[in-house]
Amino acid sequence: TCGKILNELCQSGEVLEAAVASGGYGRPAKSYVYNGNYAFIACIYAEMVKGRTKISTVVSNLLGELQGETTHEADDVTYETLEEQIEVLIRGYPKLRAVAIGIPGYITDDVVDLCNFVSLMGVPLQSRLQEKFPGLRVLVENDMNAAAFGFYRSGSVEKNATLAFIYS
């Protein structure tokens with residue numbers, strides 16, 4: 001029943017019980033709110049800007065509200081660099097449940113094929129990170145695919161519209 005599901009969600013903390021509203025008849029109605037801070041998600045993006053390597057991170061709650069944002073320079077982007085970045089995020093956000101990584105490269109069958117960061121080529125990045133962090137959902141995606149999908153999901157275009165995404 002709905003009550004059983006809501007009780008389980010309240011017990012886990014994913015849903016919070018709000019004020020009880022009495023309509024004057026029968027049992028008072030309970031209202032609930034979704035707890036956006038139940039968990040956090042992070043996005044990591046690595047890029048080359050004017051010959052400098054930058055790694056940016058954004059953390060939001062489950063309602064999409066920004067919780068933190070950083071950008072720093074790195075010597076290179078390697079598997080170890082990304083692993084370390086995730087460890088930093090986990091320490092800063094213990095409720096972190098998912099990490100999406102956008103890389104400027106192509107991924108075929110979980111292996112980074114062609115990439116601006118040569119040290120990532122040939123690395124099964126997503127499966128290695130998922131194995132290292134079993135408590136997280138890890139997603140590694142081509143940066144343009146992720147950006148185009150995010151733009152599409154923002155509601156800026158009609159549902160079945162054709163979309164071309166050009167990065168300049």
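The values are calculated or read from the model by the stated rules, or taken from the named source; none is laboratory data. Just so it is clear, the structure is predicted and the values come from calculations on it, not from any experiment. Positions of Cβ are backbone-derived with ideal geometry, glycine not excepted, and every protein chain shown enters the neighbour counts. Side chains included, ligands, DNA and RNA excluded: accessible areas come from the protein's heavy atoms. Shrake-Rupley method; radii C 1.70, N 1.55, O 1.52, S 1.80 Å.
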Max mean-square fluctuation residue, GNM over the chain, Cα-Cα springs under 10 Å, options LYS50, LYS132, LYS95
LYS50
How high is the relative contact order of segment 1-70? Use alpha-carbon pairs under 8 Å, at least six apart in sequence, and give a whole percent.
20 percent
Set of segment 36-50 residues, backbone N closer than 15 Å to the point 7 Å along the Cα-Cβ line of SER12:
36-40
In the chain, carbon and sulfur make up what percent of the accessible area (probe 1.4 Å)?
53 percent
So if I take the centroid of the Cα atoms in segment 141-162 and the same for segment 25-43, what is the distance between those two points in Å?
28 Å
Compute the long axis of helix 79-92 from its Cα atoms, compare it with the longest principal axis of the Cα atoms of the chain, and write down the angle in degrees, 0 to 90, nearest 10.
30 degrees
I'm a student and want to see the number: the projected area of the Cα convex hull of segment 1-86, averaged over all directions, in nm².
8.4 nm²
Calculate, for the chain, the solvent-accessible area per residue in square angstrom, rolling a 1.4 angstrom probe over the heavy atoms of the protein chains.
65 Å²
For VAL112, enumerate residues with amide H under 5 Å from its amide H, sequence gap 5+ or separate chain, H modeled in the peptide plane.
GLY122, VAL123, LEU125
Magnitude of the Cβ-charge dipole of the chain, K/R +1 and D/E -1, about the Cα centre, nearest 20 debye?
780 debye
At 7 Å along the Cα-to-beta-carbon direction for both SER156 and TYR106, put a label point, then send me their distance in nm to one decimal.
2.6 nm
Given a 10 angstrom Cα cut-off, can you work out which residue in PRO124, PRO94, PRO28 is the most mobile in a GNM of the chain?
PRO28
Answer rounded, prolate or oblate for segment 117-161, using the Cα gyration tensor with square roots of eigenvalues a ≥ b ≥ c: rounded when a/c is under 1.5, else prolate when a/b is larger than b/c, else oblate.
oblate
Between ARG137, ARG27, ARG128, where does the largest GNM mean-square fluctuation fall for the chain, given springs only between Cα atoms within less than 10 Å?
ARG27
log₁₀ of I(q)/I(0) at q = 0.09, 0.10, 0.11 Å⁻¹ - the chain, Debye sum with one point per alpha carbon:
-0.43, -0.51, -0.59
Quick query: amide H of TYR93 versus all other amide H atoms, modeled in the peptide plane; which residues come in under 5 Å with a sequence gap of 5 or more or a different chain?
none
Please compute the net charge surrounding LEU129, taking Lys and Arg as +1 and Asp and Glu as -1 over other residues with Cβ under 12 Å from its Cβ.
-3
Once the Cα atoms of helix 143-153 and of the chain are each reduced to a long axis, what angle between those two axes, in degrees from 0 to 90 to the nearest 10, is obtained?
30 degrees
Against the longest principal axis of the chain, how steep is helix 2-12, in degrees 0 to 90 to the nearest 10, with axes from Cα atoms?
60 degrees
